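Since the structure comes first, as structure tokens, the remarks are kept for the end.
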There are 4 protein chains.
Amino acid sequence: MIIVLKPDAKKLDTDNLLKKIEDANLKPILLEGTHRSVIAVIGDERKMPAEFLEAQPGVEKTMPILAPYKIASRETKIDNTEIKIGENTLGGKKVGVIAGPCTVESEEQIVSVAKIVKASGAIALRGGAFKPRTNPYSFQGLQEEGLKYLATARKETGLPIVTEVLSEKSIDMVAKYTDVIQIGTRNMANFELLKAVGEVKKPVILKRGMAATLEEFLQAAEYILSQDNPNVILCERGIRTFETHTRFTLSLSIVPQLKELTHLPVIVDPSHGTGKRNLVNPMSKGAVAVGADGLLIEVHHDPEASFVDGPQTINEDDFKTLMLELKPIANAVNREA
Amino acid sequence: MIIVLKPDAKKLDTDNLLKKIEDANLKPILLEGTHRSVIAVIGDERKMPAEFLEAQPGVEKTMPILAPYKIASRETKIDNTEIKIGENTLGGKKVGVIAGPCTVESEEQIVSVAKIVKASGAIALRGGAFKPRTNPYSFQGLQEEGLKYLATARKETGLPIVTEVLSEKSIDMVAKYTDVIQIGTRNMANFELLKAVGEVKKPVILKRGMAATLEEFLQAAEYILSQDNPNVILCERGIRTFETHTRFTLSLSIVPQLKELTHLPVIVDPSHGTGKRNLVNPMSKGAVAVGADGLLIEVHHDPEASFVDGPQTINEDDFKTLMLELKPIANAVNREA
Amino acid sequence: MIIVLKPDAKKLDTDNLLKKIEDANLKPILLEGTHRSVIAVIGDERKMPAEFLEAQPGVEKTMPILAPYKIASRETKIDNTEIKIGENTLGGKKVGVIAGPCTVESEEQIVSVAKIVKASGAIALRGGAFKPRTNPYSFQGLQEEGLKYLATARKETGLPIVTEVLSEKSIDMVAKYTDVIQIGTRNMANFELLKAVGEVKKPVILKRGMAATLEEFLQAAEYILSQDNPNVILCERGIRTFETHTRFTLSLSIVPQLKELTHLPVIVDPSHGTGKRNLVNPMSKGAVAVGADGLLIEVHHDPEASFVDGPQTINEDDFKTLMLELKPIANAVNREA
Amino acid sequence: MIIVLKPDAKKLDTDNLLKKIEDANLKPILLEGTHRSVIAVIGDERKMPAEFLEAQPGVEKTMPILAPYKIASRETKIDNTEIKIGENTLGGKKVGVIAGPCTVESEEQIVSVAKIVKASGAIALRGGAFKPRTNPYSFQGLQEEGLKYLATARKETGLPIVTEVLSEKSIDMVAKYTDVIQIGTRNMANFELLKAVGEVKKPVILKRGMAATLEEFLQAAEYILSQDNPNVILCERGIRTFETHTRFTLSLSIVPQLKELTHLPVIVDPSHGTGKRNLVNPMSKGAVAVGADGLLIEVHHDPEASFVDGPQTINEDDFKTLMLELKPIANAVNREA
């Protein structure tokens, strides 16, 4: 930690500050500069919060040196974490595609989509039984009935299933049916929910909050990891910016940056990240090219009849084409698809 | 709803679309233009989601005409909603200031701060017992113990108390102690929590999500309102932008805009909205000048010793000064402070 | 400057770096920490660009301690700079309002608006003769003819005039007619234009770039100041964010922050900053309450007939009301309006 | 154009509005809805600016149907525009890479880098002679001397040269030396400069403004195109968002979206778009995978000694590797590299 003092900091305040740092078992070094003095704090600065230091008299600002997460860091674990999803893994050589409809609408629909995505090589089936809807009057999902249909689809196809949990109250129910738990963008900073899924021990797909920085994203992962659940998959799904030609701005550069900083698998959701069907194919290729370990894609056997998110959902033919076209891209970056 | 057709939309697709609109008991009017044709949909467009229409073949985009919220709208209720907080109200002539520490640290601390803010004219005491912390290793609040200290502070001063709820699981506990429930920015789109507080019927301070548009903010309020809890207070607390000189960008222009569109009270949190102690005084004045019905301010009897959010917390003297200086601003806009 | 080394930085690279810093006549101090080593650089770090240091092997990142501007800084000049505009000043006790139409349309129009704004107490007349239009097919301004009409309006009313310059080529022409030169938001980082207006020595209103940070804004001012033109007036006019209910997000918190960091006057443009007529009155009050030294407001004698920016332009009656209502706000913050 | 009327719009105002639309030779159709009435305007709405309509009494908002650009639109020209750069083209089958140092530092440096990038297959050499620097005290470029060194490098290698123009005043000088003119992000909305380069008729690389929407970007292109210069190359180079792990957020999804809407070539600058050397390789691959027609990459023979932008500049070996690794990606999307 570097503490920058105000130009007019009083000696008494500086002395008090040095003492407080020592009291926390850290070593302060005062550097008197020509224009500003600074204090360098030697030791694990995570013991002394920046917000505490910034509230002290004479302090202008603080600058942390260490990352605010530990278990998620590649400094803690050098090798990639591979997470088992059914017979495949995410985080290894294979680029895994998880696909399915935004929302489970009926048994027939979800089984039919499951067969489609399985046939083209998806490693898991996604489908929402509990839906976080911005508008309170929109369809909120089939709930437990939807979970049962997902289980049927798994039985029929062998595909592991991925579904979102919205509430601590329904975690046990969701965990009973699903293979992978998804935390949506609106809940990335719902820390109570993160702790609760951390206790379940099933793999978790953690979607980046639409306004979350890289550090906040990794700290949210740390919430789950620190409950002794090491199976966290990070998912970039678009951030909120001034752009309006897409629903969100898919920030692909976070993928290679995360791969440097963390050992956790990183996947990309080009469907929600753009909100546009025509962009799913190119942005999927882009995601694999920048190093994503997997993709999360909305597929429906009849997108024009889908209850939710139709504009960004692709159909069977488009999905088949995409899966074929991803192979040479994956090969070009020494991966398989 | 206006539906813009693609330049090459097929007649068959257009005819199918017109039929689907009629089937939803809405009246479509096809307008054939020189460059594009559009369909105007007459009737309550909220019956037919834009996402459904945009998934239809031949559709380029849709443009909603009506606001996506109803109960919150001033078209539904013309007069300001005044919400009772102890002996005062928010939404009436008086600009109400709610103040207190970010976090309840001890009985002594919260009682001492309560006396300070009461003496300067605050209408309620805020204090966090459950804290949403970005970093999993940060202090997470005193929980029920903190709620009990808040209750003691109310007993000693008569001030109603405001505290945040983070989880459906602790709603009953929080509701037992508090007068006003606060939903934080990270939970604005935690729709299950919104429904749950809607059922409690106590006044709710709903903080704007740091990436929420005005429409999303009012739809979140609608979640609570639609559970028959009419006591929603909207709170602007800063949005996430590219600016770095403040922690968030306090968007004061949403205040007069909300006051036009909704009958609900609107308050402003200049402490979290800026993250800087030196900006709390001027931004509080700005908030009252643009028409805010109240303020939410972090005050501590010893900010330099506070566990959390010290940099943005003001002390007793600064709070006293602020409360005095707010009076002429409030008078200047025909309010009282 | 603090230089953070990579955890695996080689001794040779570190030694080379220490030498390069010494060669630049700065004093490096190596601090070996438990998790990271850092180098503190003592001396005027502005001599050694961060981008140079970050390109060196073994360097993870750099953290500047000093602000990247000098003449604009309050550390260089403690007292407020007051800039003379006709018989008034900006930056002193009086809150100065500059008003007029977005665009000069005709002699009759500009003279008529000039009389209106003068009557209500504006200290200067604004009007665009050269217009920066996003759409190449939009009306681009009357150019020199417009400047002549502005001069006529000055002659008839005595009001100094403010107009925008778009190009180095027309600076001489604009400077011949105008009292104050305006640099628009799209040209804040047009550094050649900044240097050129720096040479003119007339007061300059520098509008904040819609994506400029506070530091970039002050560095743009520094371009003008460093040409020996000390008469720079900073103008917040809204930044680009994800918000869509206003055209831009007027960031009022930059006003008190700038007033701390710089001695230059700071004004606010609530017309362009919101793009909405109904928000001009409240946001003007907010601007004065947070400490703005002045306002820039679009006024037209017949907004519904105005060529450009009609939606945000207020009429004579609204302007008169606003000017009256600003007085008690200004008084409340120890200013005059 | 769709005009939405206020719920309380007066009949007289509506009638006046209908008449004004007819007077502009457009056909208005009034649609009286249950909650709101709207007017659909048939004809080329670009004749009647939205801002004019929104200033009329009784109007709540307007919604344009047509894109605000014409020559740039794929509706105007269906086939891709291929632009000749030396012996190659941009916009055809080959993905063209333009590479070189941020800044021309000396004859030796630019010739040496030219040889490096030529050897690995670059189609043109970039190098800045005039530099737009945020800080007025930073190195501003060698100017005409730099242009001469670039010409020498062309003579030695045969590579066409690309350099930025900052000012109308230096256009003639720059055009005399360069093959392709670059307009930087800070000048995308410097409309006078756009008009001036439009008159030169040499190919122009137009970088997206860091806060420009897709529509504004295409309108800036339209400024150049409308001066009868059809040779505009669009360049995505990162937008300003809340993200801090990269200098800007490279928005790759604009590439396939632009390719749908316009016939102009689209290239990507991963160096400025990320500001980080380690991200140049993966983001270059991502750009080609999403359909970019080319890349603009910073290469230096000795990045650690470069005057400017060292942190994002790659060296000879990294560039050679990148060029080899791009080939299979290009092939995977039916292109050549």
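Just a few scattered comments:
- Residues in the range A:24-46 reached by a label modelled at B:TYR137 [backbone nitrogen below 11 Å; 7 Å Cα→Cβ]: A:44-46
- Estimated D of the range C:2-63 in µm² per second, where Rh is the Kirkwood radius over Cα pairs and Stokes-Einstein applies at 37 °C, 0.692 mPa s: 288 µm²/s
- Sites C:GLU145 and D:ASP172 - FRET efficiency at Förster radius 35 Å, r taken between beta-carbons, to 0.05: 0.80
- Once the Cβ-Cβ distance of A:LYS327 and B:GLU22 is raised to the sixth power relative to R0 = 41 Å, the FRET efficiency obtained is 0.35.
- With the convex hull drawn over the C-alpha atoms of the range A:83-332, the volume per residue is 114 Å³.
- Helices in chain B that qualify as membrane-span-like (whole DSSP H runs, Cα extent of at least 15 Å along the helix axis, mean Kyte-Doolittle hydropathy of -0.5 or higher) are B:107-120, B:214-225, B:277-289, B:316-332.
- The mean sequence separation of alpha-carbon pairs under 8 Å and at least six residues apart, normalised by the residue count of the range B:2-63, gives a relative contact order of 49 percent.
- Rounded accessible area per residue of the protein assembly as shown, 1.4 Å, Å²: 34 Å²
- Euclidean distance of C-alpha centroids, the range A:224-299 and the range C:1-45, integer Å: 36 Å
- Per-residue SASA entry for A:GLU75, accessible area with 1.4 Å probe, Å² rounded to 10: 120 Å²
- Heavy atoms of C:THR76 accessible to a 1.4 Å probe, total area in Å² rounded to 10: 90 Å²
- Ordering D:HIS300, B:HIS35 by accessible surface, largest first, gives B:HIS35, D:HIS300; the 1.4 Å probe counts only protein heavy atoms, with every chain in place.
- Loop-resident sites, the range C:3-55, for trypsin sites (Lys or Arg not before Pro), counting at most 15 other Cβ within 10 Å (DSSP): C:LYS10
- When the C-alpha to C-alpha distance is required to be over 27 Å, the pairs from C:LYS61/D:LYS94; A:LYS131/C:LYS276; B:LYS201/C:LYS276; B:LYS61/D:LYS6; B:LYS169/B:LYS207 that qualify are C:LYS61/D:LYS94; A:LYS131/C:LYS276; B:LYS201/C:LYS276.
- Loop-located GluC sites (Glu not before Pro) in the range C:260-327, at most 12 other Cβ atoms within 10 Å (DSSP): none
- Most to least accessible of C:LYS155, A:LYS169, D:LYS201, D:LYS93 (protein chains only, probe 1.4 Å): C:LYS155, A:LYS169, D:LYS93, D:LYS201
- A:MET173 accessible area, 1.4 Å probe, all protein chains in place, Å² to nearest 10: 60 Å²
- The protein assembly as shown: antiparallel DSSP beta bridges as a percent of all, rounded to 5: 40 percent
- Share, in percent, of DSSP beta bridges within chain A that are antiparallel, nearest 5: 40 percent
- Karplus-based coupling profile of the range A:52-69, in residue order and whole Hz: 5, 5, 5, 7, 7, x, x, 8, 8, 6, 10, 9, x, 9, 8, 5, x, 10, with θ = phi - 60° in 6.51 cos²θ - 1.76 cosθ + 1.60 and x standing for Gly or Pro.
- Karplus-derived 3J(HN,Hα), 6.51/-1.76/1.60, for each residue of the range D:240-251, Hz, glycine and proline x: 8, 9, 6, 5, 10, 6, 10, 5, 9, 9, 6, 9
- Under the criterion of Cα pairs below 8 Å and six or more residues apart, the relative contact order for chain D equals 16 percent.
- Rounded to 0.05, the FRET efficiency of the A:LYS155 and A:GLU336 pair, given R0 = 41 Å and the Cβ-Cβ distance, is 0.90.
- Taking amide H positions as modeled 1.01 Å from N, with prolines and chain starts lacking one, the residues under 5 Å from D:ILE42 and 5 or more places away or on another chain are D:LYS27, D:ILE29.
- Across B:GLU192, C:GLU107, A:GLU236, the residue with the most accessible area heads the list, and the full order at a 1.4 Å probe is C:GLU107, B:GLU192, A:GLU236.
- C-alpha center-to-center spacing [the range D:109-137, the range C:316-337] in angstrom: 55 Å
- Relative intensity, log₁₀ I(q)/I(0), of the range C:230-337 from a Debye sum that treats every alpha carbon as a point, q = 0.14, 0.15, 0.17 Å⁻¹: -0.55, -0.63, -0.80
- Remark: the range B:159-169, residue by residue, has Karplus-estimated 3J(HN,Hα) of 6, x, 10, 10, 8, 8, 10, 10, 8, 3, 5 Hz, where x stands for each Gly or Pro and the curve is 6.51 cos²θ - 1.76 cosθ + 1.60 at θ = phi - 60°.
- Reachable aspartates and glutamates from A:LYS320, criterion Cα separation under 15 angstrom, eight or more residues apart if same chain: A:GLU298, A:ASP302
- Using only alpha carbons, the protein assembly as shown has a radius of gyration to Kirkwood radius ratio (Rg to Rh) of 0.94.
- Length released on extending from A:GLU108 to A:LYS61, taking residue separation times 0.36 nm less the Cα-Cα span: 11.0 nm
The values are calculated or read from the model by the stated rules, or taken from the named source; none is laboratory data. Treat the numbers as computed from the prediction; the structure is a model and nothing was measured. Note that each Cβ is placed from the backbone with ideal geometry, even for glycine, and that neighbours are counted across all protein chains shown. Surface accessibility is based on the protein's heavy atoms, side chains included, excluding ligands, DNA and RNA. Shrake-Rupley method; radii C 1.70, N 1.55, O 1.52, S 1.80 Å.
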